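Below you will find the structure I want to go over with you.
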Amino acid sequence: MIPDSRGLAPGPPGTHGGDVTIPSPGAGGAPAPHPAPWRAFGAVALGTFMSTLDSSIVNVALPTLQHTFGVSVTTIGWVSLAYLLTLTLLLLPFGRLGDAVGRRRMFLIGLGLFIAGSAACGFATSAATLIASRVLQALGASLVSANTTAIITATFPASMRGRALGMIGAVVGLGLTVGPPVGGFLLEAWGWRWIFFVNLPVGVLAIGLGLRLVPRDTPAAERPHQAGRIRLFDRALFFDPAFGTAALALFLSFVALFASVFLTPFYLERVLGLAPAAVGRVLVVVPLLLVSISPLAGTLSDRMGTRRLAIAGLSILTAGMLLMARLVGGPAPAGVLALVCGLFVVGLGQGLFQSPNASAAMGAAPLEKLGLAGGAIATLRNLGMLCGVGLAATIFERREAAYLAAGLAAAPAAGAGMRDALVVAAGIAVLGVFTVSRGPRGRTSS
């Protein structure tokens, strides 16, 4: 059984200076669920959407930025890489910081830093200043992302947690989905600086809503029994069977998912000869599935438990990876429609898995460690993305070179190399299925 150690019980909210406050009945300081949790969700979701949007909106402008600043592709690539690396490195410590000094406080500070970084990016006069400004942006995004899941978990009762986490997963998917088309529109209409300036009014609105609607929490530093006990790595949490199982499965799923997300554009351009705009339209299949399936899966997990849905989702993801491998490595080039079908299966599997798994992980974390747990989940998600891309790129390049040396033509060699990488990724998804199936059983995980 995945325990809900927070002892949540309904109760009326208190007020403090016009802000909503969650009361802390009992010695453990466990808060009652917020009586209007969806209002708080709206404020958190807006900040999450903004920070997620910015991780994808910039990519469409990279060629323009390279031309504007007169730098190499490698240099301008750091506009994206600096953001992602900073985000990945800081999620865990910033989640723990939220536990120590207040998740609401850190969330709002993160929004402020993100707005400042966005303004600095918009006014950048060189590639170096733009990259440095992206680091500042990522500092803010780290604080927002590390505390979002913890705020949602503490605000909603356990019976609604899966649905709420599924909805926040849909918000993340929506940000990734609309980023490229919104970026392209802003780039064409007003220039690259507005890709960053657009965050300013949205960020100010998010801060206003956050101050009004996001409930206050009691930081661990203000609880007598928690004073002096904040460490960055908590063995009790990370070695908890329920949390550890969900965290490992999440990492494996994103390794597999991003192997296919990374390789598909190369197949579409190199083998099928599609233009970049057409490639973008094909790739939108996966995030659209995440947006539509994650809330449904989260709601179902509240009713039937997390474990069976997580296993089903990872199994479908595995089938999708194997289908993609067969399509790209076949004797004749697969058509666009066939690849869309393969991506549909991949997105369906990940969508079914993601929110039930998040609910299982956060349900295993006690109140005083929700920020650490949320930061750990976000860190493992990003590490999975990085490892998936790195693994797929390495296998693809080496196998493609081997097939070329064996006498295959360029297109078949590329397809065969991608097939081999996708088969390995499918094997990693199978490990995820095994991990969840061997995990703990109980009321919320059955």
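Read-outs: derived from the displayed coordinates by stated rules, not from any lab. These figures come from a predicted structure and were not determined experimentally. Heads up, the Cβs are rebuilt from the backbone with ideal geometry, glycines too, and the neighbour counts pull from every protein chain shown.
For the residue pair ALA405 and ALA332, what label-to-label distance in nm results when each label sits 7 Å from Cα along the Cα-to-beta-carbon direction?
It works out to 3.2 nm between the two label points.
Can you check what the net charge comes to around GLY329, using other residues whose Cβ is under 9 Å from the Cβ of GLY329 (Lys, Arg +1; Asp, Glu -1)?
+1
Given R₀ = 35 Å, what would the calculated FRET efficiency be for MET304 paired with VAL340, taking r from the Cβ atoms and rounding to 0.05?
Between MET304 and VAL340 the formula returns 0.70.
Report the local net charge at SER142: Lys and Arg +1, Asp and Glu -1, summed over other residues whose C-beta lies under 14 Å from its C-beta.
Once positives and negatives cancel, what remains is +3.
Would you compute the Debye intensity of segment 315-388 from its alpha-carbon atoms alone, equal scatterers and no solvent, and pass along log10 I(q)/I(0) at q = 0.25 Å⁻¹ to two decimals?
Result of the Debye calculation: -1.09.
Using only the alpha carbon atoms of segment 33-215, find the Kirkwood hydrodynamic radius as the inverse mean reciprocal pair distance, in angstroms to one decimal.
About 16.5 Å, per the Kirkwood formula over Cα pairs.
Name the residue farthest towards the positive end of the dipole of segment 33-215 from the options VAL214, ILE168, PHE185, assuming +1 on Cβ of Lys and Arg, -1 on Cβ of Asp and Glu, about the Cα centre.
Checking the options against the dipole of segment 33-215, the answer is VAL214.
By the scheme Lys and Arg +1, Asp and Glu -1, what is the net charge of all other residues having a beta-carbon under 11 Å from that of SER80?
Cβ neighbours under 11 Å give a net charge of 0.
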